[in-house]
Structure formats: structure tokens, C-alpha cells
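One structure below.
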Amino acid sequence: MPTTFSITRAIDYPNGRPHLGHAYEFVIADALARWHTLAGDDVHFLCGLDEHGQKIERTAKAAGKEPQAFVDGQAIFFKEAAKALNVHYSDFIRTSEPRHITIVQDIFEQLKKQGDIYKGNYEGLYCTGCEAFFTDKDLVDGKCPVHKRTLETVKEESYFFKLSKYQDQLTKYILAHPDFILPKRRRDEFLNHIKEGLRDISVSRTSVSWGIPVRSDPKHTIYVWIDALPNYITALGYPDGKLFKKFWPADVQIVGKDIARFHIVIWPALLFALKLPLPTSVHTHGFINVGGEKLSKSTGVHVDPIELVDKYGSDAFRYYLLREIPAGEDGDFTEENLIARANGDLADGIGNLLNRVSTLVHSHFNGKIPSPNTFQAVDNDLIAQSAIVTDVDALMRTYDWHKAVEKIWDFIRYCNRYLSFTTPWKHTDDKERLATVLYALIESLRIIAILSSPFIPTTAEKVAMQLGQKITTLKDATFKKTTTGTLAPAKPVFLKLELVKEDPFAKVNLRVAEIKDVQNHPNADKLYVLQIHLGNEHRQLVAGIKAHYKPEELKGKKIVVVSNLKPAQLRGVESQGMLLAAEKKGIVKVLDPGNVSVGEQVFADSITPGTHEITIEEFGKITLTTKGKNVVYGTLELKTRHGNITCDIDDGAKIK
Ligand code: MSP
């Protein structure tokens, strides 16, 4: 009977596109799951989306969609990101699915019946960003410590979960299970937190409609964490599904440090209340910043994993994330570092080694793996060095994946040194010696292909194919003296990467619109509120051109708008885009797209227009001016398919 390995990662909030943090966690969990598959375990790897709550409800509304339709669309992006990253999950649960909703309602009723959930009143400071209440001591300068925004005071009837009841049981459990909180150094932090006293937590809302209704009291919806955490068991078919029996408790739950408390305190207490076993380990990973800055929707620091994979391939990205950032610690992401790592360790490290060996085997043995002769001391050293599988396996089982990767690449470096030392290309007249050295290297590369496959699956597969071998199981990752086969023609398995710098204009999407209605802004003298048509969409814009145009001059006018700008409230009125106008010496003229259809795309040469939402800061990075009457980006004229974008001000006007 194979042993089982059950792993989960957090379910993501789909209020935006998948980002680097999500990608990081996908990749960690996938590498661990793949490792255990390679070890012969029966693996279950769960991912999913946390789709309810006020934040999603608001984002959907701003996008003009019903919450369900909105999350259905978002789910596609998350699944695409997982696919691009070569992540093979076993199941992808979405909390808006009936299989989740019904069971969460059952759980709530059970806890209510047994007195673990009771009704009370809640008044507190709530952050819609975190979907969490905060107490005064959590605040930084009176604001949410994570989002730095002012919190809302929310008072309402609410159900509470008796978290306080489980304080002692949890403390004892943590003390008795040294592997429960990983990395271990985080244990004291949580023991101290629990010692300070656990308070009962509010677990329902009457003010949020996009959530799971409490079955016996449907004006309440179940508060987001009590909805989200049980996904780990609803996905397995709790209470009596086959998978639940087989894969619960999870061996490890991978989460980021911002949500560790929910998984180390609230989730175990819920499991105690349900009389269910706790996961063996909760592993908390660190946060990734980008070039020293936090990922943030509001400042536009966003790295799109799909774009990165398009540019550099999934293995380079996976390798970098797993190797560069020590397990459990924060890290910083830059494309330059990704490229340096991939070129050094994948192209030069594995790629070169394989290429040199493969070329020699083709030229001296017709591509056939030669049989080894007598192994000399230097070969025996290499063989000894190749015995890393037990150590790598141990590191993977303590969730030190970066050290596991390091260990494999130490061996790759050793192989390259062995090759330089034995210089087989100089001994082509001594076929016996040549055969032995090349055999030793092929066998080492076969081991490397197996061991590296959970981290860089595509490249590892190519290495194995080129060697005429298969990636089998960990059991085969030891040096054998009888491997046979024929090598495929020598072909680089990993090409060197070059930095692909994106033109800031490639983020922007400009389109032609028509103004349908013009009203004065209710709270600002200089602003109009415009209703516009943008192809098959209707939008509202707030524009500061009141001093320069009368409403009748604007109505029916074709204009150019930034169509992918993040909606913003301008003096209390939402603006879903930005009208572009040129200004010079106090004269302001809106850009003229000519008589073309609404919705037409505006281009700057062959730069592909952006498809994602951008912030005003990102738009601010590009400078548009006029040259003659044409609007230009640098030297590139802005055009639709039918002609140039112009404006009634000559040379040197600034476009805003
Ligand atoms: N929906 C909750 C989790 C519920 S689990 C029952 C949530 N979602 S999230 O989308 O905000 O985050 C998903 C995971 O990504 C979390 O583990 C979080 O820590 C992780 N990351 C989010 N940003 C991150 C970085 N910048 N770096 C690394 N991981 C980070 O929280």
C-alpha cells in the first residue's frame, strides 16, 4: 500500500488577477506534491478560491458584474496561472460551489447545536481589505496594519465561535506536537499570542449579502474565515467521503505569514470543536516583494505570473522562486536575478553539462550509452557524491525545499568540475577510459533529471529524453552500473535568457469613445460627469474640462480614453477611465480620433495594448505630446486602423 501525502495551499481571493505571491505558493506546494509523487506516495494537492465576502462584492460591483459572474471570470485567470506555472493540483475548490456551501452550513448548524457557536452583538473596527476585525492594539496609527487604511466601525448582531474555550487544549497540542508549527522558530510567537488570551470571534454578518447564509437564521451570512477554512475538508467530501477518510488530516498546509494566525489558532479550534484531527504541520512561508517594494494593488506593484512565464518559461521562474527564497523567509523578486539564476544554474549548470556529454557520446559512441570499465578513484568520488537522494528527501520532508534544491545543484557543479578534471575530450584515443567517464556522467545526469523534476519539470523531462531515459521514481535515483540506451541528438535543453524590458506603453489601453451625455459634477466646479459609449460598453467619466468646453460642444463628440484605468472616486463620483486632452499655454483641446467607430483601438506602432487594469501612477509613466497636430508617444504616432489621432494644438502640447 503506498503511503498518502496530503497537501493544501491557501485558497486565493480572486478580487484581482493572480500575482507573484499566489504564484510563489502554487510553486512551493506543487514542488512538494511532485516530490511525494516521485517518492511513490499517493498524493492529494488542494488549491482553490475564497470567493465570498464584502471585498469581492464591492470589486464585482465596481466591474458592473454580479458577484457570481465576476468570480466565475476570475477563476479562469487563477486556473490559467496554475497551468502556466506547470502546477498539477488534484482539486480546485471554489467556495461558491454547492459542495462547499452545504457542508459549511452543516458545520455551522452542528457547532451552534453543540453550543460552540452562540448569538451576540458585535461592535468593532473592520478592514474590508483583510476581511477581519481589529482590536485597538492591532492598529498602526489608528489604521489597518496591513492596508494602512482607516477602519470601518461595524455594529451588528452576530454569531460567535467560542474560541476561548479551546485555549488550553490548543496550547497543550502545540507543546505536544513540535512539528505542528513550521518553521519551528515561529512556535513561541504563537504560544505567546495564545497565552495573552483567546477571545471568542464573530463568525457571521447581517450586512454582507455575498456569503453563505446561516441555514437556521438566513439573515446572517457566514463570516469569511469560517466559510474559507473548512474548504480543506469540504473539498475532500467531509464528513464521510472516501477522499476525506484517505487524505485528512493533511500532512502539511502551506500558508503565508499574514494568514498563519487563522491556520494555527482558529482552524485548529474549529477542528477540535468538530472532533477532527489537526493537520500534521502548518508551514508558513514568507512574503515576496518586488525590487524592495510590497506587492500592492493601489500602488500598481504587480507581477503577473503568466506574463513572466511567457517571457522566461515556467522552469526559470519556478527554479528562481524555490532556490532564491529560503523556506519561511521573505524574499525580493527582480527579473535580473531570475535571469542570472536561470542562466547560471539551468543553461550553464545542467544545460552545458548535458550538451558536452551528449556531443562526446554522439561523436565517439554513435550516441549509444557506453558500458563503463574500471572506475578510478576520481570516478568513485563522483559516484559517492551522487548519493544525495536520502539527504534531499529528508530536506523535502522537513520542508526545507531551498536546501534540497541547493543540494542537487551542488552535485551538478561537482559533475561539471569532474568533467573539467577528467577532460574526456583529450582522451579520445583511450576508448575504455572515455567510456567510463561518459558513463559516469550520463548516470549522474539521469539522477539529476529525476531529482530535479519536481522543481523544473519541463527541463528535467528534456534531460531525461535526451539521455534516452525515463523519469521514474526516487528509488531509481541512485548510481547504477548497468544503464543502457541511446541518446537523442544533442540539443540545448535550456537556452540562455535575456531581459525582456516592457515598454510602459504596453500596459496602457487607449480606445475611441463617444460622449453621450454631459452633466455638472455635483461637488466640484471644474468637473463634468460624462456618460460615454465605448464599443459595446457604457461608462462614466469624470473630466476636468468644464472651463474649456460647453456641454453642447462635447455631446456627440468622439474622444480618446484610457480604457483600462482602475476606477476611482473623484469627489464622490466614480470615474471609469480617463478622457485625454492636450494642453499648451492654458489652452485645452480634447484629442480627435477622426470619424471612426466607437471602441476602436488606438496604437503606438506595434506595441501591443495592455489588457490589465492599470493605476494612474502607471499611466503617469508615459509621456504623450503633439508633433505638428499629431499626437505622439516618443517618435511613434498614435493611430487607429483608419488614421492618426490629432489635436487642435500644434507641437509640444502635453497630453493628460
Ligand atoms: N483567502 C485567504 C486565504 C484563505 S485560506 C483558508 C487569502 N487569500 S490571498 O489571496 O490574499 O492570499 C493567498 C495566499 O497568498 C496566502 O497564503 C498569502 O499569504 C499568499 N500571499 C499573498 N501575497 C503574498 C506575497 N507578496 N508573497 C508571498 N505570499 C503572499 O489570504
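Please treat every number below as a calculation from the coordinates, not as lab data. These numbers were taken from a predicted model, which means no experiment stands behind them. When we count neighbours, we look across all protein chains shown, and the Cβ atoms used for this are built from the backbone with ideal geometry, even at glycine.
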Charges only on Cβ, +1 for Lys and Arg, -1 for Asp and Glu: so what's the dipole of the range 327-476 about the Cα centre, in debye to the nearest 20? 680 debye
Loop only per DSSP, at most 13 neighbouring Cβ atoms within 10 Å: give me the trypsin sites (Lys or Arg not before Pro) in the range 537-640, ordered by residue number. 571, 585, 621
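Under unit Cβ charges (Lys, Arg +1; Asp, Glu -1), what dipole magnitude, rounded to 20 debye, does the chain have relative to its Cα centre?
Rounded to the nearest 20 debye, it is 340 debye.
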What number, in percent, do you get for the relative contact order of the chain if the mean sequence gap of Cα pairs under 8 Å and at least 6 apart is divided by its residue count? 10 percent
To the nearest 0.05, how large is the calculated FRET efficiency for residue 536 and residue 207 if R₀ is 60 Å and r is the Cβ-Cβ distance? 0.95
Need the full-extension length gain, residue 636 to residue 110, defined as separation in residues times 0.36 nm minus the C-alpha distance. One decimal, nm. 182.8 nm
Identify unpaired cysteines across the chain, taking unpaired to mean no other cysteine Cβ lies under 4.7 Å from the residue's Cβ. 47, 415, 647
So how do 512-518, 577-583 stack up, highest first, on mean other-Cβ count within 10 Å? 577-583, 512-518
I need the peptides 114-127, 305-318 ranked by packing, meaning the mean over residues of other C-beta atoms within 10 angstrom, with the highest value on top. 305-318, 114-127
Any idea what angle helix 431-452 forms with the longest principal axis of the chain, computed on alpha-carbon atoms, 0 to 90 degrees, nearest 10? 40 degrees
Any chance you could run the full-extension gain for residue 524 through residue 423? It's 0.36 nm times the residue separation minus the Cα-Cα distance, nm to one decimal. 28.5 nm
Would you mind counting up the charge near residue 121? Only other residues with Cβ under 15 Å from its Cβ, with Lys and Arg at +1 and Asp and Glu at -1. 0
Taking 22 Å as R0, compute the FRET efficiency from the Cβ-Cβ separation of residue 500 and residue 83 and round it to 0.05. 0.55
Count, lysine Cα pairs under 22 Å in the range 55-160, 8 or more residues apart or across chains: 11
Would you compute, from DSSP H runs of 4+ residues alone, the mean residue ellipticity of the chain at 222 nm, taking -39500 (n - 2.57) per run and dividing by the full residue count, rounded to the nearest 500? -10000 deg cm²/dmol
If neighbour count is taken as other Cβ atoms inside 10 Å, put 196, 109, 613 in order from fewest to most. 196, 109, 613
How far, in nm, would the chain grow between residue 62 and residue 516 when pulled straight, counting 0.36 nm per residue and subtracting the alpha carbon separation? 161.4 nm
Surrounding charge for residue 545, neighbours by C-beta under 12 angstrom, Lys/Arg +1, Asp/Glu -1, total +4
Scaled by the rule-of-thumb 2.2 N^0.38 Å, the alpha carbon Rg for the range 376-529 gives a ratio of 1.81
Selection from 383, 373, 334 lying farthest towards where the dipole of the range 327-476 points positive, charges on Cβ: 373
Compute the label zone of residue 595 within the range 629-654: residues whose backbone N is under 18 Å from the point 7 Å along Cα-to-Cβ. 640-647
Base-10 log of normalised Debye intensity for the chain (one unit scatterer per alpha-carbon) at q = 0.06, 0.08 Å⁻¹: -0.45, -0.75
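Output the antiparallel fraction of DSSP beta bridges having both residues in the chain, as a percent to the nearest 5. Please list the in-between numbers first.
Values: 66 of 90 bridges.
In the chain, DSSP labels about 75 percent of beta bridges as antiparallel.
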Under 25 Å from the Cα of residue 584 - lysines, other chains or at least 8 residues apart: 526, 546, 550, 555, 557, 558, 621, 627, 629, 639, 654, 656
Let me know the charge dipole size of the range 164-263 about its Cα centre in debye, to the nearest 20, where only the beta-carbon of Lys, Arg (+1) and Asp, Glu (-1) is charged. 100 debye
Return the FRET efficiency for the residue pair residue 165, residue 191: r is the Cβ-Cβ distance, R0 is 22 Å, and the value is rounded to the nearest 0.05. 0.75
